[in-house]
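So the structure is just underneath, and the comments pick up after that.
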Amino acid sequence: MIIDGKKEAEIIQNEIKKEISEFKKKINKIPSLTVILIGDYIPSQIYVKNKEKKAREVGMNSEIIRYPKNVSEKEVLNKIEQLNKNIKTSGILVQLPLPDQISKERIINAIHPSKDVDGFNPINVGNLSSGYKSIVPCTPLGCLLLIKKIEKNLSGKHAVIIGRSNLNGKPMAQLLLKENCTVTVVHSKTNNLKNECLKADILIAAVGVPHLVKKDWIKENAIVIDVGINKVGENIVGDVNFDELKDKVKAITPVPGGVGPMTIACLLKNTLECFKARLI
């Protein structure tokens, strides 16, 4: 089975749109997402444009604050502080990567946890790892929702995650532990990577190596989620050899059209949750 990420993202976006419409009718307020974009890195510009488009489609306010590549860290931090204090701003996102003169750590720490729609602030990271209520990073959340469309009860399943990044691998592990999976995180220093992958009932590849995972790395009826986005010639491919695996596994996400649309849908979901939390 090929998992249609676009279709699943549309379902989430329609639910969000309906809920925002109700808020507008009842209290005349709607969520507002502010994205800070620094420099002229083309992939970031495309991604931010897509976020803005989808936010407006569901009825959110969407603002993009653009800075040149040579902007000072202090100026960006001052803007974040203004947005933290602005009661109309539901969510704040600073698009990564950042130029060399700006510390990613200081920028992430500056965003108030209640407006951190990416879920990267250490408070949210700590809450997630402790099993408390938290804002969950968008891509891992999207992956989990796709997995649960295929298999509702994940208890006892062996999940293997390729990649240990703060953005994907680590939060993905926490989410799957919460679902009572047995979780193995493998990475570039892992011995016998193939043997570890063969144990997986669920495999999530998020390492950025084109077609790393091949047919003989996966057992039959596994669920495979491919987070990788790699350019090979004129083509965009994942970390998994999709053509080799699609007829062997229980379910698999394509690249593109799998995890990507879910990431944006979950960003909108997080923004709505931040908005609702401030109404309480």
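The values are calculated or read from the model by the stated rules, or taken from the named source; none is laboratory data. From a predicted model like this one, the values you see are computed outputs, not experimental measurements. With ideal geometry, Cβ positions are generated from the backbone for all residues, glycine too; neighbour counts draw on all protein chains shown.
Take the conditions (1) under 21 Å from the mean Cα position of the chain (by Cα); (2) not assigned by TED's automatic domain parsing to the domain that holds D100; F23 misses just one of them, which is (1).
Looking at I87, I108, which one is under 29 Å from I30 (Cα atoms), touching a Lys or Arg at 6+ places or on another chain (Cβ under 9 Å) and β-branched (V, I, T)? From the options I87, I108, the qualifying one is I87.
If only residues of segment 133-156 that are touching a helix residue (DSSP H, G or I) at 6+ places or on another chain (Cβ under 8 Å) and in a loop (DSSP other than H, G, I, E, B) are counted, the one that is surrounded by the fewest Cβ atoms within 10 Å (Cβ to Cβ) is K133.
When segment 1-46 is filtered for residues that are hydroxyl-bearing (S, T, Y) and in contact with a strand residue (DSSP E or B) (Cβ under 9 Å, 6 or more places away or on another chain), the ones remaining, listed by number, are S32, T34, S44. Here the condition is being surrounded by fewer than 22 Cβ atoms within 10 Å (Cβ to Cβ), under 22 Å from the mean Cα position of the chain (by Cα) and of a type outside the set (A, V, I, L, M); of N270, N221, N180, N192, it holds for N180 alone. As a summary of the residue check, E57 satisfies the conditions (1) closer than 21 Å to D116 by Cα; (2) surrounded by 13 or more Cβ atoms within 10 Å (Cβ to Cβ) except for the one numbered (1).
I want to confirm something. Restricting to segment 118-132 and keeping residues that are in contact with a helix residue (DSSP H, G or I) (Cβ under 6 Å, 6 or more places away or on another chain) and of a type in the set (A, V, I, L, M, F, W, C), which single residue is farthest from L175 (Cα to Cα)? Filtering segment 118-132 for residues that are in contact with a helix residue (DSSP H, G or I) (Cβ under 6 Å, 6 or more places away or on another chain) and of a type in the set (A, V, I, L, M, F, W, C), the one farthest from L175 (Cα to Cα) comes out as I123. Listed by first and then second residue, the pairs with beta-carbon distance under 8 Å, at least 6 apart or on different chains, first residue in segment 52-77 and in the same structural domain as I36 (by TED's automatic domain parsing) and farther than 15 Å from S21 by Cα, second of a type in the set (F, W, Y) and not in a helix (DSSP H, G or I), are E75/Y67; V76/Y67.
Considering only segment 217-253, state which residues are part of a strand (DSSP E or B) and more than 20 Å from P140 (Cβ to Cβ). Explain how you work it out, then say what you get.
The initial filter retains those residues of segment 217-253 that are part of a strand (DSSP E or B), namely 223-226, 230-232, 235-237, 240, 251-252.
Scanning segment 217-253 gives K231, V232, N235, I236, V237.
Within segment 81-112, the set of residues being assigned to a helix (DSSP H, G or I), buried (at least 16 other Cβ atoms within 10 Å of the Cβ) and under 21 Å from the mean Cα position of the chain (by Cα) comprises I107, I108, N109, A110. Only a single item in (1) touching a residue at least 24 places away in the same chain (Cβ under 8 Å); (2) touching a strand residue (DSSP E or B) at 6+ places or on another chain (Cβ under 8 Å) is not met by P97, and it is number (2).
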